[in-house]
Amino acid sequence: MSDVVNAGFPLLTATAAVPALGAIATAAVPAAKRTAAKWLALFFSLVTLALAVAVGIRFNTGAEDRYQLTESHSWIADFGVRYELGVDGIGVALIGLTALLIPFIIVAGWHDADPQETGTATDSSVAAGRWRPTQGFFALILMVEAMVILSFEATDVFLFYILFEAMLIPMYFLIGGFGDRAHAGSDENAAAQRSYAAVKFLLYNLVGGLIMLAAVIGLYVVAGTFSLSEIASLRASGELEMATNTERLLFLGFFFAFAVKAPLWPLHTWLPNAMGEATAPVAVLITAVVDKVGTFAMLRFCLQLFPGASEWATPVILVLALISIVYGALLAVGQRDIKRLVAYASISHFGFIIMGIFAMTTQGQSGATLYMVNHGISTAALMLVAGFLISRRGSRLIADYGGAQKVAPVLAGTFLIGSLATLSLPGLAPFVSEFLVLVGTFTRYPVIGIIATFGIVLGALYSLVLYQRTMTGPVKLEVAKMPDLKLRELLVVGPLIVLLVFLGVYPKPVTDLVNPAVKDTLSDVYPGDKTPDPEPEVAAK
Amino acid sequence: MSATAVHSLWTTNGLWATAAEPVAKIDSPQIEYSLIAPTLIVIGAAILGILIEAFVPRKSRYYVQLFLSVVALVAAFAAVVALAADGRGTTSSGIVAMGALAVDGPALFLQGTILLAGLVAIFTFAERRLDPEAHGNRVDSFAAQAASVPGSDSEKAAVRAGFTTTEVFPLALFAIGGMLVFPSANDLLTLFIALEVFSLPLYLLCALARRKRLMSQEAAVKYFLLGAFSSAFLLFGIALLYGYAGTVSYAGIADVVDGTVQNVNPALAGTMGNDALLLIGAALILMGLLFKVGAVPFHMWTPDVYQGAPTPVTGFMAAATKVAAFGALLRLLYVVLPGLRWDWRPVMWGVAIATMLLGAIVAITQTDIKRLLAYSSIAHAGFILAGVIATTPDGISSVLFYLGAYSFVTIGAFAVVTLVRDAGGEATHLSKWAGLGRRSPLVAAVFAVFLLAFAGIPLTSGFAGKFAVFKAAAEGGAGALVVVGVISSAIAAFFYIRVIVLMFFSEPKPEGPTVAVPSPLTMTAIGVGVAVTLVLGVAPQYFLDLANQAGVFVR
């Protein structure tokens, strides 16, 4: 691409390079200086957040260019691969979400990887300084952050693919290496379940990724390039003509990988295991950060590269999303394990996000993007408080709790707000996005929109039942000794709740950011129609 | 080979046979010594190594042999680089040594790869810090005295005397010499001789393990018997092809296959051009080569031999043999049999699919790390075959790249296997690797890098190689093969991940193995492996260019 100017400071590269460097620096901290490693990781995550804010400021929502802050360098010419970065509004929003959540995840997981927590305090390898779980834990989190941010910025399919796959490895070690101590049964049993969850996570995503690899190669054979902008210009000039069947097959290859990652029913079964066995901060990292890459990629790659096929697949995908919404919510109602309940609730929410994307309306897709941000924040709030709760009692079972609000009112209060956000209470951020998604779907697919509304009802059920069973009622003996939230924990939960309320009342900053990008994406699917109005489409059907 | 063929081979060169001297005078063959210098250096050093065994005192043999081997391999590699810099791989490639050898891009690229892999492997051969000292003498992985019966008094005496089998160095050099000729062989007889030159030392090397000697000898016998079978197939195929074409030269056979042959040998008029001979002969030769590659259904020897052979030898075989054999296979399919493409492609499709799937599926059930890597190497042979089938220039260069990337990962991985030890030598049973990540995170992390490269995770050389061959295959119209490849990659990923799980997420067992601290020799081998894995994974462009430039066979 000759028209891409690499002038100025490579801001986008920096947002990914800083956490990557932070990961290396953190990993290199000597074994005895555990606390230094934590502060170092926090420092790097805050610098990343500052850079993400800079990206938001430099990004001009009114500009004509679809991708801004672009960078383009030759990488593997032989594969037609370039190191091409650029962000649209959706990318900026998700980079912001990622950079925002990581410091909270780090602070929330401050003690999760201490030797006494990982059960290795007496291990001779730890004493000898060879095994450094703390350093590893924070380094891996930063590594995931770097890869996730870069994948939101990649405008080269191959570059995206590499990150999409490579981020599985640090994620895998985070799930398998640092499990939740609160488990039923012996240590050995817990280790076995944890490694089962980690392997399941990896295999599901790896299989998805490998199927995508076949489609990536197929795309190259058809298009001869991996660059999104080049493919777009080839398509505009009519040089790139995909046979309908080819396009559909390639679309399915891409979509499969993203649907595993997102996750969409019936490819979701790895998520409850992974979120249940991982520590709460890592569970947040999975569902609030890494899984967003899946839904983001549906918007950016599925719709943009294969508009025709996306439209073709819409009915099936909407039905799958609908099943996700209802099925996830139903299973959440039946869960006995707090973390698995949040996982199934997330599956339900991802159903909403995917439904919003494939409703193919401006409201639907804006709502879906907003939903990604809001779901990240609300799940982080709920899951992290749940993690604090679980670490106090040492059990993940809902039945082991009761009456906590009398003992720990602040904890109970924050937990309530997290639960209410999960059920999309008006006034809290997720409400706006869920409403937009439902409206956007309803205008084109009224029946599906109506059925999806039941998801909200079920959401109210599982959220409130969770609160009622854990926080109200008679105080259980083990719960009675529970301390309230400490300062560190308040520092994590407080800002997240403030954000939930703020975005619930005033979502405009985010919607302004994502709306132009959504319109661009929709005009890929319906070319020539610059601001597609849902009405004519309905009439056409 | 018949006398007429020899005669024609010698007279086609008309330099000395002038009209003025028609008398039967045996002309000396014209050999371009400088162009085949890499092979000559290695073979020469191997012969010198035998003399060293005979004349140098036992105490200093190890050092002299190691020095000689390293110098020879470095010199040979320098010669390859000089030839490539001279344009012998691209613009001025050609047939040398009276049509016996080709000096072209693929040949030089593969020779360079074999020499570097051989050099790294020699380092692991020479490692003497891993095994506990036997009666105060440092020992390597090889038997004290190969000729003594396992457990016998003579063996004990040899151990007590501190004997070591320094013959492994000349044997390895002979093997490398044969491997250098194998991918550049330009007629079928040279091909066969090269095969024997590199196979026979390998059979011997397999039998030389210091520990578990019976298993090692069993492996060697199996390898020898099956290898002899495959050589016989190959030789029979050569005979049939000679009957078909009247010549053993690659270009000559290709001409007959294409139907553009000028003169028919009257003695062979009855058989020449007989397609049955061509098809059966080509199939038999392919069998011989697929045996060396370890492709299904000729893979049976691989797990047993890989398990039984001394681990440094296993690494060397898995890397260098595969490179040489795929080089020969490529040349045969692309130079001799392109006209037969429509006949061999369906068969090779079947072989590639079976190889990928069987290697990946059977590997899941393995409990021994060396057998697991053996089945993994079978699966990788399948992936490489996908690139071979592409029959495009991209296919050649992708296979070259894959071979280069794969060989260093393999040697590195087997070098790590030599480090994990318990009282009985190497602890190869997978259960013993549990918790290795806790005990020695660095070794486990390095091994994890190799496993991820085998699994083809992005940012490792394995991914770049896999992408290259799959891309070539897809562009060559073998899209279905890519899908099968992707599926078997997913299956294969399962068992690589299983080992990582075992190392990092399992509790270390109290009676678990220890990790020996190696000398700089093995560290170099492992370090080179890691460096190549990461460099080819992150910035493969330079090497892809190299492979692209080298991707044209001379005819």
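The values are calculated or read from the model by the stated rules, or taken from the named source; none is laboratory data. Model, not experiment: these values are computed from the prediction. Every residue, glycine among them, receives a Cβ derived from its backbone with ideal geometry; neighbour counts consider all protein chains shown.
Miscellaneous remarks
- Meets criteria (within 14 Å of another protein chain (Cβ to nearest Cβ), surrounded by fewer than 23 Cβ atoms within 10 Å (Cβ to Cβ) and farther than 18 Å from B:Asp545 by Cα) for B:Ala423: no
- Residue in segment A:483-497 that is buried (at least 17 other Cβ atoms within 10 Å of the Cβ) and more than 30 Å from A:Ser395 (Cα to Cα) present: no
- Exclusive hit being in contact (Cβ under 8 Å) with a residue 12 or more places away in the chain and away from every other protein chain (no Cβ under 11 Å), set A:Val222, A:Val260, A:Val216: A:Val260
- Test: residue in segment B:475-487 that is closer than 19 Å to B:Leu536 by Cα, of a type in the set (Gly, Ala, Ser) and within 10 Å of chain A (Cβ to nearest Cβ): no
- Filtered residue count, segment B:126-180, keeping only those that are in a loop (DSSP other than H, G, I, E, B) and at negative phi: 27
- Per-region count, segment B:489-543, residues in a helix (DSSP H, G or I), out of contact with any Ser or Thr (no Cβ under 6 Å at 6 or more places or on another chain) and within 12 Å of chain A (Cβ to nearest Cβ): 19
- Matching option when the condition is within 27 Å of A:Gly459 (Cα to Cα) and either outside any helix (DSSP H, G or I) or within 22 Å of the chain's Cα centre (by Cα) (or both), among A:Leu240, A:Leu318, A:Leu252, A:Leu303: A:Leu318
- Some residue of segment A:302-325 being under 30 Å from A:His111 (Cα atoms) and small (Gly, Ala, Ser): no
- Neighbours by Cβ (under 7 Å, 6+ apart or cross-chain): first from segment A:76-98, within 14 Å of chain B (Cβ to nearest Cβ); second buried (at least 24 other Cβ atoms within 10 Å of the Cβ) and in a loop (DSSP other than H, G, I, E, B): A:Ile76/B:Pro540; A:Gly80/A:Phe226; A:Val81/A:Phe226
- Failed criterion for A:Arg34 (all others in (1) in contact with a Lys or Arg (Cβ under 9 Å, 6 or more places away or on another chain); (2) without any contact (Cβ under 8 Å) to a residue 24 or more places away in the chain hold): (2)
- Of the listed requirements (1) at pLDDT below 85; (2) more than 10 Å from chain B (Cβ to nearest Cβ); (3) assigned to a helix (DSSP H, G or I), A:Pro170 misses just one: (1).
- Residues that are part of a loop (DSSP other than H, G, I, E, B) and either among the acidic types (Asp, Glu) or facing another protein chain (nearest Cβ under 8 Å) (or both), drawn from segment B:458-468: B:Pro458, B:Leu459
- Whichever residue in segment B:501-543 is among the polar types (S, T, N, Q) and either more than 22 Å from the chain's Cα centre (by Cα) or under 28 Å from A:Asn189 (Cβ atoms) (or both) and, among such residues, is modelled with the lowest pLDDT: B:Ser506
- Residues in segment A:125-138 that are at pLDDT 80 or above and within 12 Å of chain B (Cβ to nearest Cβ) were compared, and the one that is surrounded by the most Cβ atoms within 10 Å (Cβ to Cβ) is A:Gln135.
- Exactly one residue out of B:Ala472, B:Ala480, B:Ala468, B:Ala455 is among the hydrophobic types (A, V, I, L, M, F, W, C), out of contact with any Pro (no Cβ under 7 Å at 6 or more places or on another chain) and surrounded by fewer than 20 Cβ atoms within 10 Å (Cβ to Cβ), and it is B:Ala480.
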